[in-house]
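In what follows, a single structure is set out as structure tokens and then discussed.
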Amino acid sequence: MLASRWVPESVDTTVPNHARAFDFLYGGQYNFPVDREVARRWLAAEPNLRRWAQESRAFLGRAVSSVADAGIRQIIDLGSGLPTTGATHEVVASLARDIRVCYVDYNPTVVAHAREILARTRNVHAVLGGIGNLSRLLRLAAAVGFESNLPVAVIVSGVSPLAVNAPKIVQALESVRRAVAPASRLVLSHGLPITLTSESAVETSTSPFYMPTEECDQSSLERLFGNWKLLDPGVHRIPLWQPTHQAAGLRHKCGETSQVAAWAGAAEGSATGAGTQAAAGIPTD
């Protein structure tokens, strides 16, 4: 693929970008030598990194498939990174073409790339934003066709273990659960659960890409679902969350789960008890 087809003139391709580096780890083609060099330094520091990235992507596919099976036709993917190999809209395309996808990322470079990549893709949009400004996020979603009175799946794939107990994240997800329509879903997974040296980090335009030093905690992720009903098998190691889900189009063979010490899960809101604020059009933050 020619770079000119997915790289805006405003993007400096000599500066590494963490989303493009992860695209390389996923096996994608949306990256440059500077990104691959960063990824190789990550791998030198932690050989299991590629395995974690691919397992995390596989979990995303299974989770999106379960959302489609439930009849939900609106997906907001928060902190989405590049919409490349195995991304939400690619899974959706093989399942139900009427599903709308809104990718949200805080990094302007990532969003600029995403808009070029998705330029000719129906029902898929990329917007600049974050979970901390829910009112703005809901307005952006509404602007691309999302209906506040219908269920939506909110995906946060890669919640940093350093932030998982932070009041801001807890409150933001609580606001999400209050704002969405009844029978909506929340899909969460822990971010990278391994240590990389500071020399392996890459600066983005808004914040450093950092790694936690402690293993992820299952209970900390469970708390982020609040009182919503956890879907089987609950919060589990990423490779073991519905590993044989058929809607994803293939059976995912689990390997050694100790190499992927991160957790993931999904939950569903009440059919009647959620979303009253969103349905009434009331801002929630």
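No lab work stands behind these numbers, since they all come straight from the coordinates. In this text, all values refer to a predicted model and were calculated from it rather than measured experimentally. Here the Cβ is made from the backbone with ideal geometry for all residues, glycine too, and neighbour counts use every protein chain on show.
Judged by the gyration tensor of its Cα atoms, with axes a ≥ b ≥ c, segment 112-183 is oblate; a/c meets the 1.5 cut and b/c is at least as large as a/b.
Considering only the Cα atoms of segment 1-111, their convex hull presents on average a projected area of 7.3 nm².
Dipole of segment 64-116 computed with +1 at Lys/Arg Cβ and -1 at Asp/Glu Cβ about the Cα centre; of I75, P108, T88, farthest Cα towards the positive end is I75.
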